[in-house]
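The values are calculated or read from the model by the stated rules, or taken from the named source; none is laboratory data. Computed from a predicted structure; not experimentally measured. Glycine also receives a Cβ, built like all others from the backbone with ideal geometry; neighbour counts cover every protein chain displayed. Calculation scope for accessible area: heavy atoms of the full protein, side chains included, ligands and nucleic acids excluded. Shrake-Rupley method; radii C 1.70, N 1.55, O 1.52, S 1.80 Å.
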Amino acid sequence: MSREEFEFERRLRRRKLLGGGSEGGQSPPPRVMRRQPIITIDGPAGAGKSTVSGELARRLGYRLLDTGAMYRAVAVSVAAAGLAAEDTEALRVHLARMQLTSDGTRVWVDGREVTGELRTPEISELTSRLTMLKPVRDAVTPLQRRLAADGGVVLEGRDTGTVVCPDADVKFYLDGTVDTRVRRRHAELAQRGVTTSLDAVRKEIERRDEQDMTRALAPLRKPADAIVVDTTDLTAGEVVQRMLEAVERRRCCTRS
Ligand code: DC
């Protein structure tokens, strides 16, 4: 073996791309590490994703990655910079410089925690416009993939099983009738002290469904291999129970 070939093999072994003999012949061959499972939860607004994803992650002992919170954080930073929600050169420059970090549920932009600023109506509106833009998705998706890469994670969003982690181990798609989703969102808002009519919430849900499902980039779609859970007549506890059973079934089938 030439010196070059020897060096090449040594580099591959170091990067664990090649099994077999080890340097110096003393240590055991590198172990192939299987990462922990990746679970994705997608679905329309009001289907109960945020309520059940946290509980599912907690019961499994996994991390939660709230992908919507990351898009909302981008909106906070775009609003603070006074930029328009259009694909402009200024927006591209801003995104290229922006340092977005997340521990799954809390989010920082340029070192400042913005978690408490994510859920105002203005930020919701701006986020929904920004998520249609390619530079925005191109800035956020790779970060979400990196945060999910080690596994042991539940991702919640609109495109987590289709675009962010198409090779996820278990994919869920939560759905529910418009009536149910409207009632849930209305109750959720009331709990946060926001008073609004059922009619206004229905319009908002229908607008978001239309926008999420018909946008050109990463539209909300049922992944072909998703487990669909219709949450209409189920409590949050019942939904989590079904999801845990589905994860367990998948584990049984893939265990060797
Ligand atoms: O889930 P949420 O309401 O926090 O999401 C905020 C916005 O971001 C909403 O308009 C949907 C959008 N979103 C998205 O386009 N892709 C994701 N993976 C998550 C959220």
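Here is the figure for the stretch 214-232: residues that are among the aliphatic types (A, V, I, L, M) and open to solvent by 90 Å² or more (accessible area, probe 1.4 Å) total 2. The sole residue among Val164, Val194, Val201 that is surrounded by 20 or more Cβ atoms within 10 Å (Cβ to Cβ), over 15 Å from Lys49 (Cβ atoms) and within 15 Å of the ligand (Cβ to nearest atom) is Val201.
Inspect the stretch 169-177 for any residue being of a type in the set (Gly, Ala, Ser), over 30 Å from Pro121 (Cβ atoms), open to solvent by less than 50 Å² (accessible area, probe 1.4 Å) and touching a residue at least 24 places away in the same chain (Cβ under 8 Å) and give the result as yes or no. No - not one qualifying residue is present in the stretch 169-177. Inspection of the stretch 25-39 finds no residue satisfying the criterion of being outside any helix (DSSP H, G or I), of a type in the set (D, E, K, R) and at pLDDT 95 or above. Taking the criterion of being open to solvent by less than 30 Å² (accessible area, probe 1.4 Å), assigned to a loop (DSSP other than H, G, I, E, B) and away from the ligand (no atom under 16 Å from the Cβ), the only residue of the stretch 90-130 that qualifies is Met98. Kindly indicate the residue of the stretch 178-191 that is basic (Lys, Arg) and touching a residue at least 24 places away in the same chain (Cβ under 8 Å) and also nearest to the ligand (Cβ to nearest atom) among those meeting that condition. If we take residues in the stretch 178-191 being basic (Lys, Arg) and touching a residue at least 24 places away in the same chain (Cβ under 8 Å), then Arg185 is nearest to the ligand (Cβ to nearest atom). Please verify whether the stretch 72-89 includes one or more residues that are assigned to a strand (DSSP E or B) and closer than 26 Å to Asp167 by Cα. Scanning the stretch 72-89 turns up no residue that is assigned to a strand (DSSP E or B) and closer than 26 Å to Asp167 by Cα. Taking each residue of the stretch 137-148 that is of a type in the set (Lys, Arg) and looking for partners that are crowded, with 19+ Cβ neighbours inside 10 Å and outside any helix (DSSP H, G or I) with beta-carbon atoms closer than 6 Å, six or more apart or interchain, yields Arg137/Ala218. Contact map, the stretch 70-81: first residue of a type in the set (Ser, Thr, Tyr), second residue away from the ligand (no atom under 12 Å from the Cβ), Cβ cut-off under 6 Å, separation 6 or more or different chains; pairs are Ser77/Met98; Ser77/Val109.
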